[in-house]
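Every number here is computed from the coordinates shown, using simple stated rules; none is lab data. In this text the structure is predicted, and so the values were computed from the model without any measurement. Cβ: placed from backbone, ideal geometry, glycine included. Neighbour counts: every protein chain shown.
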């Protein structure tokens, strides 16, 4: 088996990079938390879309004039022409009209108003169902890989899936991007892509294992490096193809799926990285320990005299 790059030799560097990124994500989640969307925290969200760019501070001042002391407001849209205002309660139509009128006076431009209200019970149910969806998907993946290959592959796969999903969540925390239902859909898409790419590499490792039956560490390293090299072009072509679609969604899909596109874009990068540089490197550690244990067990077996 031949290969051009030693993917296993620098595995500690890859683990270190991932460890640093995970620590940054944990720090951000502890300090800043997630910017949960209206789907999860309940309340009302108003999107007031203007025909030209607006000033965030002026919008905030206008809302303060109406009695909202610390308004949760930000800008959206390709030209920062959408004022996004969130309240942790249901808003009355009279209030909506007052806000629209005030901002119309401020910017000399009447906005198009879109209102979204989520009941607290519904918000909790959505959050619970999102968690269950991710849990069921992960468990199903582990069961499939454990039966299709071996449990060591399943452990490596679930660790890399958790890595991809957590880094995507951490990135949204760092950038304080809104987490809504489309984000959950993106995470599920990332999980599906990442496991597909990982399984392709694992399947090639399994095929090469059946052919060569490595007995030393160097032989095992050679097998893993060759397996990754043999599937590398396919992995790169797949991720590039999907990334082009994610970029197109970012620029052409509109504000409503912008966060989905961003989560998908970065999640795909994390997924490609973990499939090539982490999954097999985690597996080889487990496999080598198992091979050593089997060797020790055989050496302890009593010799039967003929």
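Odds and ends about this structure:
- With the simple spin-label model, which puts each label point 7 Å out from Cα in the Cβ direction, the residue 290 to residue 188 separation comes to 3.1 nm.
- Nearest-0.05 FRET efficiency for residue 174 and residue 79, computed from C-beta distance (R0 25 Å): 0.50
- Binned Cα-Cα distances of the stretch 43-118, short to long, each 10 Å bin given as a whole percent: 21, 61, 18, 0
- The simple Förster model, with R0 at 22 Å and r as the Cβ-Cβ distance, assigns residue 69 and residue 114 a FRET efficiency of 0.35.
- Paired Rg and Dmax values of the chain, which use every Cα atom, in angstrom: 25.4, 102
- For the chain, the longest principal axis of the Cα atoms and the long axis of helix 120-148 meet at an angle of about 20 degrees.
- As computed over the stretch 151-306, the Cα convex hull volume per residue (Å³): 115
- Computed from Cα atoms, the angle from the helix 93-107 axis to the main principal axis of the chain rounds to 80 degrees.
- One Cα centroid belongs to the stretch 181-211, the other to the stretch 45-111; the line between them spans 43 Å.
- With Cα atoms, 0 to 90° folded angle of helix 258-277 axis to the chain main axis: 10
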